[in-house]
């Protein structure tokens with residue numbers, strides 16, 4: 001497969017070309033790196049969020065919106081489908097880079113991770129990227145500066161002016177959209193964490209509702225993760241049958257199931273990486289085994305979404 005960073009840079013170029021229409025604000029830092037504000041100070045809407053999700057998956061997924069019912073009202077849902085689930089989700093989209101530099105804190109996802117390749121997923125998938133430009137999508141309530149850009153450049157072994165940092169807050173429209181686009185990624189990651197061979201996953205499609213936006217980042221983290229845990233639906237086509245493992249994939253398998261994520265997050269002292277990984281899972285998972293059985297596991301839970309989002313129950 002060709003460079004995921006090259007494919008993502010092409011999408012970044014699209015964001016730069018249509019920044020005004022998308023409500024995205026680009027900045028060139030003193031170091032020469034480029035920050036694209038998708039939803040910190042910038043307005044960034046649904047289309048900006050969809051493009052950011054494409055950047056995060058390096059153009060290897062088809063991403064779109066649809067309308068569906070939640071608690072008696074219509075809401076946009078994000079659908080993502082890919083025939084390259086291991087590379088698109090594990091080696092690109094996953095928020096696997098904790099960015100902590102000079103007081104700045106954020107979660108990094110996207111193809112820059114594939115230039116580093118230190119996470120276990122890359123060895124399991126046998127994918128490592130080489131390219132002279134790189135993209136790290138940053139989830140943070142503040143925009144990254146030169147210290148972050150220089151850290152990314154040094155870690156990814158590229159020049160600082162070759163670094164692109166599309167950024168959005170969790171509490172933004174783009175933040176809600178890109179999180180909803182992660183239902184498929186969570187299912188693939190759960191399978192990988194449970195010991196399933198990621199290259200045995202032929203394809204994955206996921207859907208989740210777009211959570212209502214809150215400018216309180218902790219509240220936004222709760223709403224967006226609950227959108228996945230109680231509203232996310234995923235379909236996987238796989239080669240290898242493993243019914244006992246499949247049962248552990250949906251969110252209902254987590255000990256904390258039924259607890260709003262904002263409470264789980266508080267119990268973890270607001271450290272994303274101290275939350276039990278089983279919490280990060282879609283509500284319902286359907287698994288088609290090639291030349292084998294089909295499993296339907298878990299279920300969506302509108303009452304818990306209504307509680308999380310302060311909606312009237314249908």
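On the basis of being surrounded by fewer than 22 Cβ atoms within 10 Å (Cβ to Cβ) and over 27 Å from residue 37 (Cβ atoms), does residue 141 make the cut? It would help to see each step written out before you state the result.
On the way: surrounded by fewer than 22 Cβ atoms within 10 Å (Cβ to Cβ): yes; over 27 Å from residue 37 (Cβ atoms): no.
So residue 141 does not fit the description; no.
For region 225-245, which positions are within 27 Å of residue 64 (Cβ to Cβ), in contact with a strand residue (DSSP E or B) (Cβ under 8 Å, 6 or more places away or on another chain) and outside any loop (DSSP other than H, G, I, E, B)?
Passing the criteria: 227, 228, 231, 233, 234, 235, 236, 237, 238.
Residue check, residue 243 against (1) touching a helix residue (DSSP H, G or I) at 6+ places or on another chain (Cβ under 9 Å); (2) more than 22 Å from residue 81 (Cβ to Cβ), all met but one. Which one?
Only one criterion is unmet by residue 243, namely (1).
In region 104-113, which residue that is farther than 11 Å from residue 155 by Cα and in contact with a helix residue (DSSP H, G or I) (Cβ under 9 Å, 6 or more places away or on another chain) is surrounded by the most Cβ atoms within 10 Å (Cβ to Cβ)?
Taking the candidates together, the pick is 111.
Quick grid of which residues meet (1) within 30 Å of residue 73 (Cβ to Cβ); (2) modelled with pLDDT under 95; (3) surrounded by 19 or more Cβ atoms within 10 Å (Cβ to Cβ):
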position	(1), (2), (3)
169	yes, no, yes
179	yes, no, yes
187	yes, no, yes
218	yes, yes, no
235	yes, no, yes
246	no, no, yes
265	yes, yes, yes
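When you go through (1) buried (at least 20 other Cβ atoms within 10 Å of the Cβ); (2) in contact with a strand residue (DSSP E or B) (Cβ under 9 Å, 6 or more places away or on another chain); (3) touching a residue at least 60 places away in the same chain (Cβ under 8 Å); (4) under 23 Å from residue 74 (Cα atoms) one by one for residue 222, which number turns out not to apply?
All conditions are met except number (2).
How about region 11-32: which of its residues are surrounded by 13 or more Cβ atoms within 10 Å (Cβ to Cβ) and either under 23 Å from the mean Cα position of the chain (by Cα) or without any contact (Cβ under 8 Å) to a residue 40 or more places away in the chain (or both)?
Looking only at region 11-32, we keep the residues that are surrounded by 13 or more Cβ atoms within 10 Å (Cβ to Cβ), and these are 11-12, 14-16, 18-19, 22-27, 29, 31-32.
Once the filter is applied, which keeps residues that are surrounded by 13 or more Cβ atoms within 10 Å (Cβ to Cβ) and either under 23 Å from the mean Cα position of the chain (by Cα) or without any contact (Cβ under 8 Å) to a residue 40 or more places away in the chain (or both), region 11-32 yields 11, 12, 14, 15, 16, 18, 19, 22, 23, 24, 25, 26.
From the set of residues in region 97-132 that are in a loop (DSSP other than H, G, I, E, B) and touching a strand residue (DSSP E or B) at 6+ places or on another chain (Cβ under 7 Å), which is nearest to residue 271 (Cα to Cα)?
Our first condition is that a residue be in a loop (DSSP other than H, G, I, E, B); within region 97-132, this holds for 102-103, 110-111, 117-119, 126-132.
If we keep only those that are touching a strand residue (DSSP E or B) at 6+ places or on another chain (Cβ under 7 Å) as well, we get 110-111.
On the way: 110: 20, 111: 23 Å.
Here the residue is 110.
Being surrounded by 17 or more Cβ atoms within 10 Å (Cβ to Cβ), farther than 20 Å from residue 168 by Cα and touching a strand residue (DSSP E or B) at 6+ places or on another chain (Cβ under 7 Å) is true for just one of 48, 86. Which residue is that?
Details: 48 fails: farther than 20 Å from residue 168 by Cα.
Testing whether each residue is surrounded by 17 or more Cβ atoms within 10 Å (Cβ to Cβ), farther than 20 Å from residue 168 by Cα and touching a strand residue (DSSP E or B) at 6+ places or on another chain (Cβ under 7 Å) leaves just 86.
The values are calculated or read from the model by the stated rules, or taken from the named source; none is laboratory data. This one's a predicted model, so the numbers in the text were calculated from it and none came from an experiment. Please note: Cβ atoms are built from the backbone with ideal geometry, for glycine as well, and neighbour counts cover all protein chains shown.
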